[in-house]
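Notes to accompany the following structure.
The values are calculated or read from the model by the stated rules, or taken from the named source; none is laboratory data. A quick note: this is a predicted structure, and the numbers were derived from the prediction, not measured. Ideal geometry is used to build each Cβ from the backbone, glycine not excepted, and the neighbour counts take in all protein chains shown.
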Amino acid sequence: MARALAWRPLVALGLISYGLCLWRWPVVVLLSRERTGLEPWPWTLLVVATSLALAAGFAPAPPEAWANAGWSADARFKGC
């Protein structure tokens, strides 16, 4: 099992999974089948490719920003 989960494409997908979750819905809305006029399979490929590209392009941004922000675990409770 560990060998299968260590497969590089799965590891890469895991690294961008959060971004993929964030980008998928806006891509679906902006590239709707009604707007693009594509059939189901080409539209699905377009949505998957666009979502993957955006997720991969923005993957390092949030974790690095959070790490450099100096937030602590209890920072959200201060000043409430």
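Which of the residues that make up region 27-46 are among the small types (Gly, Ala, Ser) and loosely packed, with under 11 Cβ neighbours inside 10 Å?
Gly37
Considering only region 11-21, state which residues are of a type in the set (A, V, I, L, M) and surrounded by 13 or more Cβ atoms within 10 Å (Cβ to Cβ).
Residues satisfying the conditions are Ala12, Leu13, Leu15, Ile16, Leu20.
From Arg8, Arg3, Arg24, grab the single residue that is surrounded by 10 or more Cβ atoms within 10 Å (Cβ to Cβ), modelled with pLDDT of 85 or more and of a type outside the set (S, T, N, Q).
Going through Arg8, Arg3, Arg24 in turn, the sole match is Arg24.
What is the number of the single condition among (1) aliphatic (A, V, I, L, M); (2) modelled with pLDDT of 90 or more; (3) surrounded by 12 or more Cβ atoms within 10 Å (Cβ to Cβ) that Ala49 does not meet?
Checking Ala49 against (1) aliphatic (A, V, I, L, M); (2) modelled with pLDDT of 90 or more; (3) surrounded by 12 or more Cβ atoms within 10 Å (Cβ to Cβ), the one that fails is (3).
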